[in-house]
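Colleague: After the structure tokens below, expect a handful of questions from me.
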Amino acid sequence: MSPSNQFLILSRDESSEVAPVVDSNCACADTNSNLVLTQMARQPDRHLFKAATHTQRLGQDRHLAFNPLGDNGPVILNDAALALLNCFTQTDQVDILQAGVLDSNLQAAVDRLHALNLLELVGSQPRLQRGDTQTLIAWLHTTNACNLTCTYCYVDKSDDPMEEATGYAAVDAIFRSAVSNGFKAVKLKYAGGEATLNFALVMKLHAYALEKAQETGLGLKEVVLSNGVALTRPMLDFLRDEKITLMISIDGIGDGHDAQRIFANGRGSSHIVKRSIDRALTHGVSPHISITVTANNADEVAAAVGFALERNLLFNLNFYRENDTTLDPASLRAQDERLIAGIRQAFAIIEENLPEHSLLASLIDRANFGSPHETVCGAGDSYLVVDQNGSISRCQMEIERSVTDIFATDPLTEIRLHTGGFQNTSVEEKSGCRECDWRYWCAGGCPSLTYRATGRNDVKSPYCNVYKNLYPELLRLEGLRIIRAAEQEI
Ligand code: SF4
Ligand code: SF4
């Protein structure tokens, strides 16, 4: 065995953190179905074996190892560490390693590979189990009006704002359900329509939500979802001072954005949105950028990604979801090859400008490689969508199909009991997914989209082919990012 101090084993704990989840244009609720690994502690009489692991070479003396059934994410190994890991596929080598007294560095390397789920105890059958319920997420449809007419929008717009009394009753209902169902925090998404068109209400509901959070002892997170067209300086000052996240949609730079995010007269909004983002930065607000990929901008998303990277902004790429409101829904869905090519162009830009933050949770639609989970989002479980009239539905994509309202004793329980339409089925119950290596990171894609496309809840996503092509490349990017972060610390 080579000298043990040659082993290099890097994981996300050396790089920085948990992958940040970025609020998206689809504004999907984060899932609460996160899984944690339960595994037996080391025992001297039980041998270790290499877990079924995805590996790829990242460069000279650097490899990526990822156990899809672990909960640790990608790990970087050098040649020696990979050779050590591979020793644990061969019984004779395992016997030698485990029979002898290992020097302390070699023992430390073995322990670390075990802690990172790349080695497992024979017969221990590590299991992913559901963690605690954490955050109840709620969409507040502060207005049904918008100053843009985006080609893929799912909102059937009108001039109706949410009235103040409705807003307060909505916040009451959200906290009521959060307390009744044991959540630790509430996340409010001020949305619409365009939330900045009813910003006075956003300010009042923020103050009221702070009171409710204090009264109930729950945590509070808030985000304003905006198209960036009518953001004023006072709004930016308010968001900065109150520590409210701002999410702005941008789908390309110039033509890519203007092909789909347009005013009623057909004019594009790109120049205004770019100006708003830069103005936000000068006001101390670092907006999250949401990029929606359709057939009209698949070749342009790389430019939007470059724009976000230049400004060190968090961003995500989400795929267009067909809906009832778009005039020609099917024509907006990019063919798989085009979508893959467009995302690969974006990945090339990222590789040249690797950010400090992890991208595991935000680069491929609803996939989140930040932590394993069994449903893709909180729809039907930990998510309330309140429209401007106080009706509540399960997902913003079906805001017209309400299940209950803000006057129910516990709206979340009614949402959970609802059985019509799409069901947010566990990935373990989806045909095609249950055997898939990527299942706990992909979770099978948006259930609403799959149901719309197939009429079924128990099958994989129509975007599956795109996902499977891109997931190894996402891991590669993260591996390169971890290596670079470690090198910068030396
Ligand atoms: S059902 Fe689909 S559109 Fe709705 S919140 Fe979940 S992932 Fe998003
Ligand atoms: S949608 Fe495809 S990639 Fe995702 S878990 Fe299912 S089979 Fe795997």
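The values are calculated or read from the model by the stated rules, or taken from the named source; none is laboratory data. What you see is a predicted model, and the numbers here were worked out from it, not measured in a lab. A quick note on method: Cβ atoms are made from the backbone with ideal geometry, for glycine too, and the neighbour counts reach across all protein chains shown.
Colleague: Which numbered condition trips up residue 339, out of (1) touching a residue at least 60 places away in the same chain (Cβ under 8 Å); (2) among the hydrophobic types (A, V, I, L, M, F, W, C); (3) within 24 Å of residue 189 (Cβ to Cβ); (4) out of contact with any His (no Cβ under 9 Å at 6 or more places or on another chain)?
Modeller: Of (1) touching a residue at least 60 places away in the same chain (Cβ under 8 Å); (2) among the hydrophobic types (A, V, I, L, M, F, W, C); (3) within 24 Å of residue 189 (Cβ to Cβ); (4) out of contact with any His (no Cβ under 9 Å at 6 or more places or on another chain), only one is false for residue 339: (3).
Colleague: Additional query: Hey, does the stretch 401-420 have a residue that's among the basic types (Lys, Arg) and closer than 29 Å to residue 70 by Cβ?
Modeller: no
Colleague: Return yes or no: is residue 419 free of Cβ contacts under 8 Å to residues at least 12 places away in the same chain and not aliphatic (A, V, I, L, M)?
Modeller: Here the answer is yes, as residue 419 does meet what is asked.
Colleague: Could you tell me whether the stretch 90-108 includes any residue that is outside the structural domain of residue 442 (by TED's automatic domain parsing) and modelled with pLDDT of 90 or more?
Modeller: Among the residues of the stretch 90-108, not one is outside the structural domain of residue 442 (by TED's automatic domain parsing) and modelled with pLDDT of 90 or more, which makes the answer no.
Colleague: For residue 132, state whether it is surrounded by fewer than 17 Cβ atoms within 10 Å (Cβ to Cβ) and under 23 Å from residue 260 (Cα atoms).
Modeller: The answer is no for residue 132.
Colleague: Is it the case that some residue within the stretch 342-352 is within 16 Å of ligand 1 (Cβ to nearest atom) and buried (at least 18 other Cβ atoms within 10 Å of the Cβ)?
Modeller: No, the stretch 342-352 contains no residue that is within 16 Å of ligand 1 (Cβ to nearest atom) and buried (at least 18 other Cβ atoms within 10 Å of the Cβ).
Colleague: Any idea which of 178, 195 is crowded, with 24+ Cβ neighbours inside 10 Å, at pLDDT 95 or above, in contact with a strand residue (DSSP E or B) (Cβ under 6 Å, 6 or more places away or on another chain) and over 25 Å from residue 264 (Cβ atoms)?
Modeller: 178
Colleague: What number of residues within the stretch 428-445 are more than 6 Å from ligand 2 (Cβ to nearest atom) and under 14 Å from residue 128 (Cβ atoms)?
Modeller: 6
Colleague: Can you find even one residue in the stretch 250-261 that is surrounded by fewer than 23 Cβ atoms within 10 Å (Cβ to Cβ), within 18 Å of residue 147 (Cα to Cα) and outside the structural domain of residue 177 (by TED's automatic domain parsing)?
Modeller: Yes, that holds for at least one residue.
Colleague: Could you pull out every one of the helices (runs of 4 or more DSSP H) wholly within the stretch 360-466 that has 3 or more residues that are surrounded by 19 or more Cβ atoms within 10 Å (Cβ to Cβ), within 13 Å of ligand 1 (Cβ to nearest atom) and not polar (S, T, N, Q)?
Modeller: In the stretch 360-466, 447-454 are the helices (runs of 4 or more DSSP H) which contain 3 or more residues that are surrounded by 19 or more Cβ atoms within 10 Å (Cβ to Cβ), within 13 Å of ligand 1 (Cβ to nearest atom) and not polar (S, T, N, Q).
Condition check ((1) within 14 Å of ligand 2 (Cβ to nearest atom); (2) assigned by TED's automatic domain parsing to the domain that holds residue 11; (3) within 22 Å of the chain's Cα centre (by Cα)) across all residues:
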{"residue": "355", "(1), (2), (3)": "no, no, yes"}
{"residue": "363", "(1), (2), (3)": "no, no, yes"}
{"residue": "370", "(1), (2), (3)": "no, no, yes"}
{"residue": "382", "(1), (2), (3)": "no, no, yes"}
{"residue": "388", "(1), (2), (3)": "no, no, no"}
{"residue": "400", "(1), (2), (3)": "no, no, no"}
{"residue": "414", "(1), (2), (3)": "no, no, no"}
{"residue": "447", "(1), (2), (3)": "yes, no, yes"}
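Colleague: Working only within the stretch 249-281, note down all residues that are under 21 Å from residue 195 (Cα atoms), out of contact with any strand residue (DSSP E or B) (no Cβ under 8 Å at 6 or more places or on another chain) and among the aliphatic types (A, V, I, L, M).
Modeller: 264, 272, 281
Colleague: Here is a follow-up. Which numbered condition trips up residue 261, out of (1) farther than 27 Å from residue 352 by Cβ; (2) touching a Cys at 6+ places or on another chain (Cβ under 8 Å)?
Modeller: Answer for residue 261: the failing condition is (1).
Colleague: May I pose another question? Scan the stretch 125-143 and give yes if some residue there is hydroxyl-bearing (Ser, Thr, Tyr) and assigned to a loop (DSSP other than H, G, I, E, B), otherwise no.
Modeller: yes
Results for (1) touching a Leu at 6+ places or on another chain (Cβ under 7 Å); (2) acidic (Asp, Glu); (3) modelled with pLDDT of 90 or more, shown as yes or no for each residue.
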{"residue": "314", "(1), (2), (3)": "no, no, yes"}
{"residue": "329", "(1), (2), (3)": "no, no, no"}
{"residue": "336", "(1), (2), (3)": "no, yes, no"}
{"residue": "343", "(1), (2), (3)": "yes, no, yes"}
{"residue": "379", "(1), (2), (3)": "no, no, yes"}
{"residue": "382", "(1), (2), (3)": "yes, no, yes"}
{"residue": "387", "(1), (2), (3)": "no, yes, yes"}
